[in-house]
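The values are calculated or read from the model by the stated rules, or taken from the named source; none is laboratory data. Since the structure is predicted, the reported quantities are computational estimates derived from the model, not experimental observations. Here the Cβ is made from the backbone with ideal geometry for all residues, glycine too, and neighbour counts use every protein chain on show.
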Amino acid sequence: MSEQTKAPLSLETTFCGIRLQSPFILSSGPGNFASEGMIRATEMGCGAVVTKTIRLQRAINPVRHIGKISETTLINAEKWADSDRQLWYEKEIPEAVKAGAVVIGSVGHTLAEAKAIVADVERSGAQMIELVSYTEDTLLPMLDYAKSHVSVPVLCKLSGNWANAAETAAKCIEHGADGIAAIDSIGPVLSIDLENRRPQMFSDDGFGWMSGAAIKPISLRINAQMQLSGRVNKDVYGIGGVMNARDAMEYLMVGCKAVGICSVAILKGLPYVQKMIQELAQLLPQLGFSSLDEAVGAALPNFPKHELVTGLDFAYDSARCSRCERCVRACPYGARTLDFPQMHVDSALCRSCGICADLCARGALKSVILPQTSRDVADAAESTAFYDTVASLNQGGLV
Ligand SMILES: Cc1cc2nc3c(=O)[nH]c(=O)nc-3n(C[C@H](O)[C@H](O)[C@H](O)COP(=O)(O)O)c2cc1C
């Protein structure tokens, strides 16, 4: 079979023992305001959907409560579900489940509310429950209660604001959590509306919560810490700034079985999920994986054991170079010059920071890490792989 005619890779997976049609989970947010949104997300390929957080009282939101910080990052002052919890039990959850959605019922934010809500959410047909709270001290008692009163898997959602969210995750596992969702939006944050000379959000203090691309590195770090601790041995879905398949792949590589999406569905619309699914199915084989499961945790063995203090070697391919000179301008030390088709780097000035090669949009400038110590040099000399890599990058010659 040729590359073109090969069947696309299946993205079907399981999470807490439940089959998901894809690893994309529409996390709790406005997209899941009611059954209508949850059904639509499922039709677009989401493997599961998380209800807006259900509480004792319905929310009344400030107007306005969602705004744009940048093209990929949002601020919001949206509270929990703005419809009555009875409606969720009697209509929204059963309708979505009947239509084939895997529904995760989000329950917040206190022990009293968990006591009043979790069993009803399970009875209404939700296949999992996700507990969300402001502090670990409240989350753990909610978890203890839920675990002894429902039989569906119980997930705990972590906040990136907590000083040691990975430690909280480990405690949740010790208390019987079946899985972890990480992370919630981060804040409080502020954005100013210049024309109206006031905060962009109409919350009581003008502050809001940040989501989207800006929070991805924070969430990835927390997700990696959880996995590297060795204490979070249950399924995890990573949330925060997944805007495309490559972002999703980063979460998979640090050990997440699935990824949550919220802001991207607002910024690009729900049909964009189909594109992300297609792109992920193509990306997996491009990166050398023959299944989704193979990618899960693939980066974990490559986390450094110690800091690397070495140098970079550069390879430059003039045929790919657009002469934009971003690499030249970015160098804080003025080490790089382009005299097309020759690229020069002054090794006395270059500190091997690596940003020049990172900024090259066309892959014309690449960097290779040099061995660190004489011991490393000896190891590398034995490893032909290292020199093969250098040689393959050096079609244009080292610069
Ligand atoms: C407008 C908005 C409303 C949200 N509402 C909830 C909510 O009710 N419950 C909850 O647990 N998380 C809520 N979230 C947080 C998201 O589920 C998610 O954790 C966060 O936005 C990070 O993902 P993202 O970067 O893909 O948006 C909300 C996020 C946004 C942007």
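Assorted remarks:
- Filtered by the rule that a residue be surrounded by 24 or more Cβ atoms within 10 Å (Cβ to Cβ), farther than 14 Å from Asn32 by Cβ and within 13 Å of the ligand (Cβ to nearest atom), segment 109-132 gives Ile129, Leu131.
- Residue list for segment 53-83, restricted to those being touching a Lys or Arg at 6+ places or on another chain (Cβ under 9 Å), within 8 Å of the ligand (Cβ to nearest atom) and farther than 20 Å from Val107 by Cβ: His65, Leu74
- Within segment 205-225, residues that are of a type in the set (Asp, Glu) reach partners that are in a strand (DSSP E or B) with beta carbons closer than 8 Å, at six or more positions or on different chains, in the pairs Asp205/Pro188.
- Scanning segment 19-43 for residues that are within 15 Å of the ligand (Cβ to nearest atom) and either over 17 Å from Ser263 (Cβ atoms) or part of a loop (DSSP other than H, G, I, E, B) (or both) returns Pro23, Ser27, Ser28, Gly29, Phe33, Ala34, Met38.
- Glu95 being within 18 Å of Ile183 (Cβ to Cβ) and either in contact (Cβ under 8 Å) with a residue 24 or more places away in the chain or not assigned by TED's automatic domain parsing to the domain that holds Trp162 (or both): no
- Qualifying residue in segment 159-175 (condition: over 28 Å from Asp247 (Cα atoms) and in the same structural domain as Val264 (by TED's automatic domain parsing)): yes
- Counting only helices (runs of 4 or more DSSP H) that sit completely within segment 260-300, those holding 3 or more residues that are out of contact with any helix residue (DSSP H, G or I) (no Cβ under 7 Å at 6 or more places or on another chain) correspond to 263-268, 272-286.
- Residue in segment 199-216 that is surrounded by the most Cβ atoms within 10 Å (Cβ to Cβ), counting only those that are in a strand (DSSP E or B) and among the small types (Gly, Ala, Ser): Ser211
- Scanning segment 174-188 for residues that are crowded, with 18+ Cβ neighbours inside 10 Å and not acidic (Asp, Glu) returns Ala177, Gly179, Ile180, Ala181, Ala182, Ile183, Ser185, Gly187.
- The condition of being near the ligand (Cβ under 9 Å from one of its atoms) and either more than 19 Å from the chain's Cα centre (by Cα) or among the β-branched types (Val, Ile, Thr) (or both) holds for Val50.
- Residue in segment 221-232 that is within 14 Å of the chain's Cα centre (by Cα) and more than 26 Å from Pro188 (Cα to Cα) present: no
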